[in-house]
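The values are calculated or read from the model by the stated rules, or taken from the named source; none is laboratory data. What you are looking at is a predicted structure, and each value in this text was computed from that prediction instead of being measured. With ideal geometry, Cβ positions are generated from the backbone for all residues, glycine too; neighbour counts draw on all protein chains shown.
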Amino acid sequence: MKQVKNLIIGFGKAGKTLAGEFASRGEDVILVEKSKKMYGGTCINVACIPTKKLKFLAFKRDELGYSMAVNAKNELISKLNNGNYHKVADLENAEVLDGTASFINENTVEVHTEDGVEEIQAERIFINTGARPFIPNIDGLELSDRILTSESLIELTDLPKDLAIIGSGPVGLELASIYSQFGSNVTLIDRNDTIFKDEDADVRDAVIAAIEAQGINIVTNANTQSVKENADSVSIYYNINGDQHEIQATHLLVATGRKPNIEDLNLGKAGITVSDKGAVEVNEFLQTNLPHIFALGDVNGGPQQTYISLDDYRIIRDFIYGDKSYSTDRRKNVPATTFIEPPLSQVGLSETAAREQGLDYKVASLDVSSIPKAKILDNQTGLYKAIIDRKTNKILGVTLFGEESHEVINIISTAMIADMDYTQLRDQIFTHPTMAEALNDLFKI
């Protein structure tokens, strides 16, 4: 049996960064990864990075084409995967072990490798196994070469002629935008009465108009009842207000969320508590009900974003080596982006949320068509919107729907965390021409 101070299960953003931290401090660490294809975690291999590479290459579709774009994406992922492996494996005090880990008890894990089973006893154990696409219980819905998840869709080397998508969360919307840009006929099927149902009406209307202008068909109030795979197509049967409908597509993407990867872990043998949604339950310091076992990243049921996983690492670092002052309770004003075209980015409260909370606020708004950089980028679609506390001048929330909003939103987040008055952004000197300089005009109220 091996004995080690730190055992990390899963090669995600939090785990790999934590492994580097331990090794740099002279502590021994073993990082276990089930799949060699996942060195570096979900984002690098099957999510954020490959999809954003495809999104970028979709703008070059006329000169490049879809198949060549997929090849370019695969080359990038291969380099990143290999680089991430060596960032840990080459460290003194660190070991990467390929295999599937499962608990024997609260201190011991067995790892099934190609060469057999290894037992590892550790002082601290960190679960970082991530999440995978959730497949709902719909009659006839079985994954295949035509019925796909987000992970298998982006591996296709031939562009789908028709792509139906069940679900309109960030994953479904981003892939709808990407594949529509490449030339697929895309249909979004959603059970809600509208997509972006949590957005303010003016933002929602602008986003939906942009999506439809891109040629994406949106079907709402649709309860998908069954799926049938045919020789060269997929039939999707759904109900709208009691009426039966059918859509046929060459391919179907199931984008109905993601679920934590816990099945192989045998958490019960360690006595680790799991939530009703299948996530490992943690406290504000990411400890499970056993204080020496932690859960980081998507597996703990928090926001499923790479930068949240990185922040999980910071919490652990402060808990072990710092003063334990940083926790999930202090994680506020985290920005988020849905990478449609153009991107939709947000931080803080919407106007609807501010109204529901009974806050005294004022609204600032700006049409993207008035921004010089938007004209240069040849995409004047979108709007900027800010919610400001009328009494304190503090920024309560901002929504940016426009080109490069995923960059500009970080300025807003920083200002909110620093507790700045909105006037500081109103009077900030920005470089020109940029999308960020439009904050001068947005906050001119």
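With region 217-269 as the region, which strands (runs of 3 or more DSSP E) entirely inside it contain at least 2 residues that are of a type outside the set (Val, Ile, Thr), closer than 19 Å to residue 137 by Cβ and free of Cβ contacts under 8 Å to residues at least 60 places away in the same chain? I'd like the intermediate steps shown before the answer.
Working: elements: 217-219, 223-229, 234-240, 243-249, 251-254, 258-260.
In region 217-269, 234-240 are the strands (runs of 3 or more DSSP E) which contain 2 or more residues that are of a type outside the set (Val, Ile, Thr), closer than 19 Å to residue 137 by Cβ and free of Cβ contacts under 8 Å to residues at least 60 places away in the same chain.
Working carefully through the options 376, 417, find the one that is exposed (fewer than 15 other Cβ atoms within 10 Å of the Cβ), touching a residue at least 24 places away in the same chain (Cβ under 8 Å), within 28 Å of residue 176 (Cα to Cα) and not assigned by TED's automatic domain parsing to the domain that holds residue 202.
Working: 417 fails: within 28 Å of residue 176 (Cα to Cα).
Within the list 376, 417, the selection yields 376.
Being assigned by TED's automatic domain parsing to the domain that holds residue 107, of a type in the set (A, V, I, L, M, F, W, C) and within 30 Å of residue 401 (Cβ to Cβ) is true of residue 308. Here residue 188 clears all of (1) in a strand (DSSP E or B); (2) over 20 Å from the mean Cα position of the chain (by Cα) except the condition numbered (2). If you check 313, 307, 326 for being within 24 Å of the chain's Cα centre (by Cα) and crowded, with 19+ Cβ neighbours inside 10 Å, only one passes: 313.
How many of the residues in region 46-65 are under 16 Å from residue 174 (Cβ atoms), touching a residue at least 40 places away in the same chain (Cβ under 8 Å) and not in a loop (DSSP other than H, G, I, E, B)? Give the derivation first.
The first filter runs over region 46-65 and keeps only residues under 16 Å from residue 174 (Cβ atoms), leaving 46-59.
Imposing the further condition that a residue be touching a residue at least 40 places away in the same chain (Cβ under 8 Å) reduces the set to 46-48, 50-52, 54-55, 58-59.
So of that shortlist, the ones also not in a loop (DSSP other than H, G, I, E, B) come out as 46, 48, 50-52, 54-55, 58.
Here the count works out to 8.
Inside region 234-249, residues that are buried (at least 18 other Cβ atoms within 10 Å of the Cβ) and out of contact with any His (no Cβ under 8 Å at 6 or more places or on another chain) make up a count of 3. For residue 277, indicate whether it is more than 16 Å from the chain's Cα centre (by Cα), of a type in the set (Lys, Arg) and part of a loop (DSSP other than H, G, I, E, B). When the stated conditions are applied, residue 277 passes them. Across region 329-361, the number of residues qualifying as charged (D, E, K, R), surrounded by fewer than 20 Cβ atoms within 10 Å (Cβ to Cβ) and within 21 Å of residue 387 (Cα to Cα) comes to 5.
Among residues of region 196-219 being within 21 Å of the chain's Cα centre (by Cα) and acidic (Asp, Glu), the one that is surrounded by the fewest Cβ atoms within 10 Å (Cβ to Cβ) is 198.
Residue count for region 2-45 satisfying the condition of being over 19 Å from residue 287 (Cβ atoms), of a type in the set (Gly, Ala, Ser) and not in a loop (DSSP other than H, G, I, E, B): 3. Taking region 310-345 as the range and being under 30 Å from residue 207 (Cα atoms) and aliphatic (A, V, I, L, M) as the test, the residues that pass are 310, 334, 336, 340, 344.
Residue-level analysis places residue 366 among those that are among the aliphatic types (A, V, I, L, M), within 24 Å of residue 197 (Cα to Cα), surrounded by 21 or more Cβ atoms within 10 Å (Cβ to Cβ) and over 24 Å from the mean Cα position of the chain (by Cα).
Regarding residue 401, is this residue in contact (Cβ under 8 Å) with a residue 40 or more places away in the chain, surrounded by 19 or more Cβ atoms within 10 Å (Cβ to Cβ) and over 28 Å from the mean Cα position of the chain (by Cα)? Judged against the criteria, residue 401 is not a match.
In region 306-384, counting only strands (runs of 3 or more DSSP E) that sit wholly within it, the ones holding 1 or more residues that are charged (D, E, K, R) span 361-367. List, please: which pairs have Cβ atoms under 7 Å, are six or more places apart or on different chains, and start with a residue in region 283-311 that is at positive phi and end with one that is at pLDDT 95 or above and part of a helix (DSSP H, G or I)? Correct list of pairs: 286/300; 286/312; 286/315; 286/316; 297/13; 297/14; 297/309; 297/312. Taken as a whole, region 154-163 holds at least one residue that is acidic (Asp, Glu), surrounded by fewer than 20 Cβ atoms within 10 Å (Cβ to Cβ) and within 21 Å of the chain's Cα centre (by Cα).
Consider region 307-340. How many of its residues are within 16 Å of residue 295 (Cβ to Cβ) and not polar (S, T, N, Q)? Please lay out each step first, then the result.
In the first step, residues of region 307-340 are kept if they are within 16 Å of residue 295 (Cβ to Cβ); the result is 308-317, 319-320, 327-328, 331.
The next check asks that each one be not polar (S, T, N, Q); those that pass are 308, 310-317, 319-320, 331.
Number of matching residues: 12.
Report yes if residue 106 is within 30 Å of residue 2 (Cα to Cα) and either modelled with pLDDT under 95 or not in a strand (DSSP E or B) (or both), otherwise no.
Yes.
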